[in-house]
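The values are calculated or read from the model by the stated rules, or taken from the named source; none is laboratory data. These numbers were taken from a predicted model, which means no experiment stands behind them. Using ideal geometry, Cβ is built from the backbone for each residue, glycine included, and neighbour counts are taken over all protein chains shown. Side chains included, ligands, DNA and RNA excluded: accessible areas come from the protein's heavy atoms. Shrake-Rupley method; radii C 1.70, N 1.55, O 1.52, S 1.80 Å.
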Amino acid sequence: MQVPLAKAVQAVSTVPPFEGRMNPVIRSDGVTFIVDDAKAPLWTIPTVLHFMKQAQAPRKTIVMGQFRTIQASRSELTSP
């Protein structure tokens, strides 16, 4: 599309997070939750864990719900 990378980055940075997909929720006492409760394939978990590893906070907690095994396509199993 011949859009310069810097311009594309600037445009994407203005898009707010989608609700339920790694969106921040900040409480009045300053505690921030990163909400990622939309259904997603199992292969997305490493990305979330990497994000948490990189996050700078005095304390970090991850709460995960129930996992179900579903038939995955070959492309899902090999995606990063």
Query raised in the report: Per-residue accessible area for M52 at 1.4 Å probe radius, Å² rounded to 10?
Result: 40
Report summary line: Contour minus Cα-Cα span, K7 to I62, at 0.36 nm per residue, comes to 16.4 nm
Report summary line: So the carbon and sulfur contribution to the accessible area of region 13-64, 1.4 Å probe, in percent, is 61
Report task. Please sort by residue number the trypsin sites (Lys or Arg not before Pro) in region 1-61 whose DSSP state is loop and whose Cβ has at most 11 other Cβ atoms within 10 Å. Result -> R27, K39, R59, K60
Query raised in the report: Using the Karplus equation 6.51 cos²θ - 1.76 cosθ + 1.60 (θ = phi - 60°), what ³J(HN,Hα) coupling, rounded to whole Hz, does each residue of region 27-41 give in order, writing x for Gly and Pro?
Result: 7, 5, 8, x, 5, 10, 9, 9, 8, 9, 10, 6, 4, 8, x
Query raised in the report: Can you work out ³J(HN,Hα) from phi for every residue in region 49-63, in order, using Karplus 6.51 cos²θ - 1.76 cosθ + 1.60 and θ = phi - 60°, giving whole Hz and x for Gly and Pro?
Result: 5, 5, 4, 5, 4, 7, 5, 9, 7, x, 8, 10, 9, 10, 10
**Report entry** By average C-beta atoms within 10 angstrom, highest first, the peptides 40-49, 8-17
**Finding:** 40-49, 8-17
